[in-house]
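Before any comments, here is the structure.
The values are calculated or read from the model by the stated rules, or taken from the named source; none is laboratory data. Just so it is clear, the structure is predicted and the values come from calculations on it, not from any experiment. With ideal geometry, Cβ positions are generated from the backbone for all residues, glycine too; neighbour counts draw on all protein chains shown. These area figures cover heavy atoms from the full protein model, side chains too; ligands, DNA and RNA do not enter into them. Shrake-Rupley method; radii C 1.70, N 1.55, O 1.52, S 1.80 Å.
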Amino acid sequence: MTTADPAAASGPASSGFGAHDERSGRVPHAPAVRDAPQTRDHADLGAEAAALDAADPLRIHRDAFVGAETSLVYFDGNSLGRPLRASIERLTAFARGEWGGRLIRGWDESWMQLPFDIGDAVGRAAIGAASGQTVIGDSTTVLLYKMVRAAFDAAVAADPSRVEIVVDRDNFPTDRYLVDGIAAERGGRVRWIDVDLAGGVSDEALRAAVGSETAVVLLSHVAYRSGYLADAAALTRIAHDAGALVVWDLCHSAGSVPVEADAWDFDLAVGCTYKYLNGGPGSPAFAYVAARLQDRLAQPIQGWMGTADVFAMGPEYRPAEGMRRFLSGTPPIVGMLAMQDTLALIEQVGIAAIRAKSIALTDFAIRVADELLAPLGVVVASPRDRAARGGHVTLSHPAMRAVTARLWAQDVIPDYRDPGGLRIGLSPLSTSFAETLAGLQAVEAAVRAESGR
């Protein structure tokens, strides 16, 4: 856990916010509005929050989200994003018009193409992918299984000695469970990387884990617990130098931090759409497969929607060309509608501006935590270096499970992650600095109440 000076590592940022590094997605610097004193009262912090909101070029978009006008503090946009008002209108219009009016004709008119059209929109707006490489499909878990399993089988077919799947011990549970199951299913084995819970996979750790027996590396771009932002370009090069394929989990980065799947030479990637893409509860995930690999990979869940002629209903499975081969069953059309409005907004605003606002929000949250919460024994369990931090901050204290329950009852909504971590997810398009401060002041009061201080 870093002990860097918080004032030096995370000064406040205004409308300039800094430019991102196109190679890694990291933002090396965000200019300070003013130096933060070591201790200030709530009025001073309130004035700073107001000044930051006034200088925020994205503030005009906050009112487009349902619930933003209420007093509820939402710190969980990295688990489930607020819906856009436009998405409510879109869903209503679809139910009455396309579903209710066109009925089964909708498949011929537009629905069959929708997973690819929206996939391409994800590619353009959120992950830096040219068209024809991204599709909306199943749940994150199912798509991760498909991608890891397909990559493993392809690697083994090319070189039978490559039987290892590399993953870190603090990756999201689904990722770890899947890897363990695929290794058992396919006669492979898992090579685990130990990481600091307040950090993530470093270049050195991956370099030590990969070698001539590595088939696939599965990595998260932003660590779900700590918010650590991996250098995706560098880690991809390390895996490729070892002859391995890489599957990137983009769940906590798509729509929050810059991703350049093509420029960084990604092989495969999967990401969910209900976090920063605001697709709604359980909205289907997306999968990216680099064009150079699509014909080489055989996806393991062979369903009718992935065949070369969907309606031939033939006696045997013949995979389609391109991204259609990675579909299995009937696309979840209703579930993929809402994300279109957020994708359009991300394209309009630009991911660089979103990342700059994200850095400013997390910088501010860390400063407030240092001033209000550190005296109560709360520790920032996320990178203080903004270039190594994604869109959320984890605050650690033994009472945080009870604190989270207390806060939820007060309409302050963070989430909890063991051990003792309160996760503050700050969605740049819908979260204000004033909301961030109000929530952290509520955290201070709850910690005091739970710890008797």
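A few comments on the model shown:
- Solvent-free Debye scattering, log10 I(q)/I(0), computed from the Cα coordinates of region 381-453 at q = 0.17, 0.18, 0.28 Å⁻¹: -0.63, -0.70, -1.38
- Helix 42-55 axis, angle to the chain major axis (alpha carbon atoms, nearest 10°): 50 degrees
- For region 137-186, the list of trypsin sites (Lys or Arg not before Pro) that fall in a loop by DSSP and count at most 16 other C-beta atoms within 10 angstrom reads 169.
- Computed accessible area, residue 311, all protein chains, 1.4 angstrom probe, square angstrom: 120 Å²
- Plainly put, region 136-221 has a radius of gyration that is 0.96 times its Kirkwood radius, both from alpha-carbon atoms, as the Rg/Rh ratio.
- Heavy atoms of residue 136: accessible area, 1.4 Å probe, square angstrom to 10: 0 Å²
- Cβ-defined net charge surrounding residue 129, 9 Å radius [Lys, Arg +1; Asp, Glu -1]: -2
- DSSP beta bridges in region 195-274 [antiparallel fraction, %, rounded to 5]: 10 percent
- Recomputing percent of Cα pairs over 34 Å apart from the coordinates shown identifies the correct label among [x] 33; [y] 67; [z] 26 as [x].
- Protein heavy-atom accessible surface, 1.4 Å probe, per residue over the chain: 38 Å².
- Considering only 379, 422, 218, the residue lying farthest towards the positive end of the dipole of the chain is 422, judged by Cα position with unit charges set on Cβ.
- Calculated [θ] (222 nm, deg cm²/dmol) that DSSP helices of n ≥ 4 give over the chain, each run adding -39,500 (n - 2.57): -10000 deg cm²/dmol
- Whole-percent carbon and sulfur share, accessible surface of the chain, 1.4 Å: 53 percent
- Largest-first principal axis extents, alpha carbons of region 345-433, Å: 41, 28, 21
- Angle between the chain longest axis and helix 232-241 axis [Cα atoms, degrees, rounded to 10]: 40 degrees
- Rg/Rh ratio calculated on Cα atoms of region 201-343 (Kirkwood radius): 1.01
- Nearest 10 degrees, 0 to 90: helix 339-349 Cα axis against the chain principal axis: 60 degrees
- Loop-located trypsin sites (Lys or Arg not before Pro) across region 274-311 with a Cβ neighbour count of 14 or fewer within 10 Å are 296, with loop assigned by DSSP.
- The alpha carbons of region 335-390 stretch over 45, 25, 17 Å along the principal axes, in descending order.
- Shown is the FRET efficiency for residue 385 and residue 204, computed with R0 = 25 Å from the Cβ-Cβ distance and rounded to the nearest 0.05: 0.95.
- Euclidean distance between Cα centres, region 276-334 to region 107-158, Å: 7 Å
- Considering only the chain, percent of DSSP beta bridges that pair antiparallel, nearest 5: 50 percent
- Per residue Cα convex hull volume in Å³ - calculated over region 54-145: 163 Å³
- The residues neighbouring residue 216, those whose beta-carbon lies less than 14 Å from its own, together hold a net charge of -2 under the Lys/Arg +1, Asp/Glu -1 convention.
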